[in-house]
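A.B. asks: Quick one: this structure, given as structure tokens, is what I'll be asking you about.
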Amino acid sequence: MITTPSISELSHDKLNRYELTMVAAKTARLVTDEYVKQREGIEERKSINQSRGLEKVSYDQYMVPQYRDERAVRVAVDKLSNDQCTIYLDGVTPFSLSDKAPETPAVQAESVSKNA
């Protein structure tokens, strides 16, 4: 269970609980997809090197440590709280949870409909 940041701290009262949950879940899915993509690339490199008879190397250094060591939902909440995501509530207009605009969005969460 994630207790920090709280729902009100995370959403700044701009999103309701449902919208915030949907944004966090979709962001966590993107984090998981990126982890799987990185892991598949590493496994492919391992098999190529193994078939060539090259020495075994630790490929964990090539993965984003946060994706490797933390749960996807924790990473997603951290990204949301640090404003590293671009949220599209209407599918077109970027929305920020903080008062400042995101400098470099790292992840784009899919749109969440307010009518859903």
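A.B. asks: So residue 63 fits all but one of (1) closer than 17 Å to residue 27 by Cα; (2) modelled with pLDDT under 80; (3) buried (at least 16 other Cβ atoms within 10 Å of the Cβ); what number is the exception?
C.D. replies: Status for residue 63: all satisfied but (1).
A.B. asks: Among residues belonging to the stretch 12-28 that are basic (Lys, Arg) and in contact with a strand residue (DSSP E or B) (Cβ under 9 Å, 6 or more places away or on another chain), point out the one that is nearest to residue 75 (Cα to Cα).
C.D. replies: Here is the first cut: in the stretch 12-28, the ones basic (Lys, Arg) are 14, 17, 26.
Still in the running and in contact with a strand residue (DSSP E or B) (Cβ under 9 Å, 6 or more places away or on another chain): 14, 26.
Working: 14: 21, 26: 12 Å.
So, considering only residues that are basic (Lys, Arg) and in contact with a strand residue (DSSP E or B) (Cβ under 9 Å, 6 or more places away or on another chain), the one nearest to residue 75 (Cα to Cα) is 26.
A.B. asks: In the stretch 74-88, is there at least one residue being under 30 Å from residue 44 (Cβ atoms) and part of a loop (DSSP other than H, G, I, E, B)?
C.D. replies: yes
A.B. asks: A further question follows. Among the candidates 52, 29, 68, 39, which residue alone is on the phi < 0 side of the Ramachandran plot, of a type outside the set (Phe, Trp, Tyr), exposed (fewer than 11 other Cβ atoms within 10 Å of the Cβ) and at pLDDT 75 or above?
C.D. replies: Details: 29 fails: exposed (fewer than 11 other Cβ atoms within 10 Å of the Cβ); 68 fails: exposed (fewer than 11 other Cβ atoms within 10 Å of the Cβ); 39 fails: exposed (fewer than 11 other Cβ atoms within 10 Å of the Cβ).
When all the criteria are applied, what remains is 52.
A.B. asks: Only residues in the stretch 77-91 that are over 12 Å from residue 9 (Cα atoms) and in contact (Cβ under 8 Å) with a residue 40 or more places away in the chain count as the first member; pair them with residues that are of a type in the set (Lys, Arg) and surrounded by 18 or more Cβ atoms within 10 Å (Cβ to Cβ), Cβ under 7 angstrom, at least 6 apart or cross-chain, and list the lot.
C.D. replies: 85/79
A.B. asks: Just give me the residues in the stretch 12-62 being within 30 Å of residue 90 (Cα to Cα), among the polar types (S, T, N, Q) and part of a helix (DSSP H, G or I), in sequence order. Can you show your working first?
C.D. replies: Going residue by residue through the stretch 12-62, those that are within 30 Å of residue 90 (Cα to Cα) are 12-37.
Keeping just the survivors that are among the polar types (S, T, N, Q) gives 16, 21, 27, 32.
Residues satisfying the conditions are 21, 27, 32.
A.B. asks: Another one. Please go through the stretch 1-11 and give me each residue that is under 16 Å from residue 75 (Cα atoms), assigned to a helix (DSSP H, G or I) and without any contact (Cβ under 8 Å) to a residue 60 or more places away in the chain, ordered by number.
C.D. replies: Passing the criteria: only 7.
The values are calculated or read from the model by the stated rules, or taken from the named source; none is laboratory data. As the structure is a computational prediction, the values presented were derived from the model and not from experiment. Glycine gets a Cβ as well: all are built from the backbone with ideal geometry, and neighbour counts include every protein chain shown.
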